[in-house]
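The values are calculated or read from the model by the stated rules, or taken from the named source; none is laboratory data. These figures come from a predicted structure and were not determined experimentally. As a convention, Cβ positions derive from the backbone with ideal geometry for all residues, glycine included, and neighbour counts pool all protein chains shown.
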Amino acid sequence: MTARIIDGNVLSARLRGALAAKAAELTAQGTRPCLAVILVGGDPASAVYVRNKVAGCEKAGIQSLKFEYPQDAAPADVLGKIAELNADPSVHGILVQLPLPRQFDEKTVLEAISVEKDVDGFHAENVGRLSQGQEAFVPCTPNGVMEMLKSIEVPLRGAEAVVIGRSNIVGKPMAMLLTAAGATVTVCHSGTRDLNFHTRRADILVAAIGKPKFVTGDMIKPGATVIDVGINRLPDGKLCGDVDFASAQEVAGAITPVPGGVGPMTITMLLANTVESASRVARKG
Ligand code: NDP
């Protein structure tokens, strides 16, 4: 069997077309969606992510504001900028690119962002709302994964879903979304005994580990849907996921590639959250 490829670029292009139309409509009504991005320090991967997010905004007709701080920036300066952006009615989304330098307390920074502008969905209140099934900004990466699953119409109700990874930004919200969709979810992590036992019974397997080619074909149930969240840079400079694509695609029923899978969908969902935030403001008048 050779797995069907779930192409994140193709799906993103479709969704971004609809978002651009919505952004144009809001702009015509006087509310131009606007995302403010804060980048602290010189981490090259973060700089690339921010560049892609800003470019994504521009293409969709969303205004973007970028604020850069040096590696040794004072947390008070960044918190001051967040307060200013919170108070600015023309800004609908605020994103602080992670990771932050050591002098920062990430939790303090994320919770300084107004819940209404927390388009990354990392604020504790949004996380709590999501866990209770209330309206919330959903973290972009797991939300993008849900769109990918929807696009191939894979049944979720009653499905066995296994998520490898329990981070706040991917693994945990992923498990919440799959649970809400009716799947029976198992969350695995570095302390899991007999990981293969779990992965081999997964109808849907999500890998969010941060270890190149960690999930191999022999760990996958034949016909399973495999979602590779990982982005790892190999010594030769090429990107690869947490799944060994070559062996996995021989066993899986559907699989996401890296690059061109979950990555573009993450940015698409960020744009979607920003447009949604602007719509809420426009509705309030
Ligand atoms: P974290 O490092 O925060 O979490 C990794 C998780 O993997 C942890 O829960 C860890 O377990 C678990 N893990 C590590 N080793 C093993 C193992 N041997 N067996 C089972 N579980 C293991 O990473 P993130 O969640 O932030 O990111 C995961 C990957 O996704 C990275 O490659 C990252 O670059 C990528 N990513 C991609 C995005 C995209 O847009 N496509 C967005 C965000 C992330 P424990 O908790 O016990 O330590």
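Annotations for the structure displayed:
- Top-ranked residue of the stretch 128-180 - restricted to ones that are touching a Lys or Arg at 6+ places or on another chain (Cβ under 8 Å) and closer than 22 Å to Ser277 by Cα, ranked as surrounded by the most Cβ atoms within 10 Å (Cβ to Cβ): Ala136
- The residue list Gly285, Gly217 contains one member that is touching a residue at least 12 places away in the same chain (Cβ under 8 Å) and more than 10 Å from the ligand (Cβ to nearest atom), which is Gly217.
- Where Glu153 falls short, out of the listed (1) within 16 Å of the ligand (Cβ to nearest atom); (2) in a loop (DSSP other than H, G, I, E, B): (1)
- Among all positions in the stretch 42-56, there is no residue which is over 26 Å from Gly237 (Cα atoms), in contact (Cβ under 8 Å) with a residue 60 or more places away in the chain and not hydroxyl-bearing (Ser, Thr, Tyr).
- Any hit, the stretch 259-281, residues being near the ligand (Cβ under 8 Å from one of its atoms), crowded, with 16+ Cβ neighbours inside 10 Å and assigned to a loop (DSSP other than H, G, I, E, B): yes
- If the condition is being surrounded by fewer than 24 Cβ atoms within 10 Å (Cβ to Cβ), small (Gly, Ala, Ser) and in a helix (DSSP H, G or I), then the stretch 243-258 contributes Ala246, Ser247.
- Taking the stretch 240-258 as the range and being farther than 25 Å from Leu156 by Cα and within 14 Å of the ligand (Cβ to nearest atom) as the test, only Cys240 passes.
- Residues satisfying the stated conditions in the stretch 160-180, i.e. near the ligand (Cβ under 8 Å from one of its atoms), within 15 Å of the chain's Cα centre (by Cα) and on the phi < 0 side of the Ramachandran plot: Arg166, Ser167, Asn168, Ile169, Val170, Gly171
- Among the residues of the stretch 67-83, those that are surrounded by 15 or more Cβ atoms within 10 Å (Cβ to Cβ) and either assigned to a strand (DSSP E or B) or not assigned by TED's automatic domain parsing to the domain that holds Asp43 (or both) comprise Phe67, Tyr69.
- One residue stands out in the stretch 181-207 among those that are touching a residue at least 40 places away in the same chain (Cβ under 8 Å) and surrounded by fewer than 23 Cβ atoms within 10 Å (Cβ to Cβ): the one that is farthest from the ligand (Cβ to nearest atom), namely Asp203.
- Verdict on Gly237 being more than 14 Å from the ligand (Cβ to nearest atom) and modelled with pLDDT under 95: yes
- Residues of the stretch 220-234 that turn out to be surrounded by 16 or more Cβ atoms within 10 Å (Cβ to Cβ) and either away from the ligand (no atom under 16 Å from the Cβ) or among the small types (Gly, Ala, Ser) (or both), as a count: 4
- Residue in the stretch 132-148 that is within 16 Å of the ligand (Cβ to nearest atom), under 30 Å from Pro89 (Cβ atoms), hydroxyl-bearing (Ser, Thr, Tyr) and in contact (Cβ under 8 Å) with a residue 40 or more places away in the chain present: yes
- Some residue of the stretch 162-178 being basic (Lys, Arg) and in a helix (DSSP H, G or I): yes
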